[in-house]
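What follows is a short report on a single structure.
Throughout, read-outs are computed from the coordinates displayed, never taken from laboratory work. Because the structure is a prediction, the values reported are computed rather than measured. Positions of Cβ are backbone-derived with ideal geometry, glycine not excepted, and every protein chain shown enters the neighbour counts.
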Amino acid sequence: MKTKNLALLSAAMCAAILMASCLKQDDIYQFTPINPISEEFKQYSAFDTNSYWVYQNELSKAVDTARVFSVLTDTRHHTDISNPEGFRYEALEIKFRSGETGIVRTEITAGQQPSTDESMNESLRLYFANGRYFRILMPQYQIGQTQLLGINEGNYTNLARMDSYTINGKTYSSVFHTQVKDYQSGNDTVVLEFFLARGYGLIKYSIHGADTAAEWSLVDAEPIILEELR
């Protein structure tokens, strides 16, 4: 009987140790920091379903509406040579219905370091219906400091951060002016410029190359800031 009791006690102790080990591992996994998308960056990029923007092409006078119909959230993990342990971060994907503007999706990702009151470390990527995509807002880089993002995304530069900017009779505040030079087409360098306002997102963008030209500016909008990630 004593032998049986000792065996049961030993089994119970092993089970307790195993459970404690599992709980410890779960705790470590559960509390690994996740870098969030800052509330300030959301003001430029994170918009809820039924948000819409009406743009006019200043060259052709065509009008097009981009409307949000889907918002998806994710938690991702990134590693590279400089940071082999990697980091976890929030990501947000917003899908649009549009026509001539060709806007189909945006992707927001938090940075390697959480944002502070002085800086935003996130990135906003814009996808077009033709399969091209570009990072159009990375506020963490200094004005005039060009980032070489590779042949798929070109060279990115923050040109200015303006207190206000007026388009079609409406003045927007806290506006970023950014530029992308796209070299994917070989000898034809396509220059894209973007204007993003706090509380509205993309209010103007232009595309100029040897065989393409478009200048879209906002004429009406109803942006709904995403209050919390789903």
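If a paramagnetic tag sat 7 Å from the Cα of residue 76 along the Cα-Cβ line, which residues of the stretch 38-56 would have the backbone N under 20 Å from that point? Counting backbone N atoms under 20 Å from the label point, the list is 38-48.
Note down the net charge around residue 162, summing +1 for each Lys or Arg and -1 for each Asp or Glu among other residues with Cβ under 15 Å from its Cβ. So the environment of residue 162 carries a net charge of +2. The slack between residue 159 and residue 212, meaning 0.36 nm per residue of separation minus the straight C-alpha distance, is 16.9 nm.
Going down the list 170/204; 42/204; 181/204; 95/170; 61/95, which pairs span over 20 Å between their C-alpha atoms?
Numbers: 170/204 12 Å; 42/204 18 Å; 181/204 17 Å; 95/170 26 Å; 61/95 25 Å.
In this structure, 95/170; 61/95 exceed 20 Å between Cα atoms.
A Förster radius of 45 Å, combined with the Cβ-Cβ distance separating residue 95 from residue 143, puts the computed FRET efficiency at roughly 0.90.
Let me make sure I get this right: for the stretch 188-230, a, b and c are the square roots of the gyration tensor eigenvalues over alpha carbons, sorted descending. Under 1.5 in a/c it's rounded, otherwise prolate if a/b > b/c, else oblate. Which is it? Prolate, since a/c reaches 1.5 and a/b exceeds b/c.
Measuring nothing but how far apart in sequence close Cα pairs (under 8 Å, 6+ apart) lie, relative to its length, the stretch 107-148 scores a relative contact order of 31 percent.
Between residue 181 and residue 60, full extension at 0.36 nm per residue minus the direct alpha carbon distance yields a gain of 41.3 nm.
Computed extension length for residue 152-residue 133: 6.1 nm, one decimal, from 0.36 nm per residue of separation with the Cα-Cα distance subtracted.
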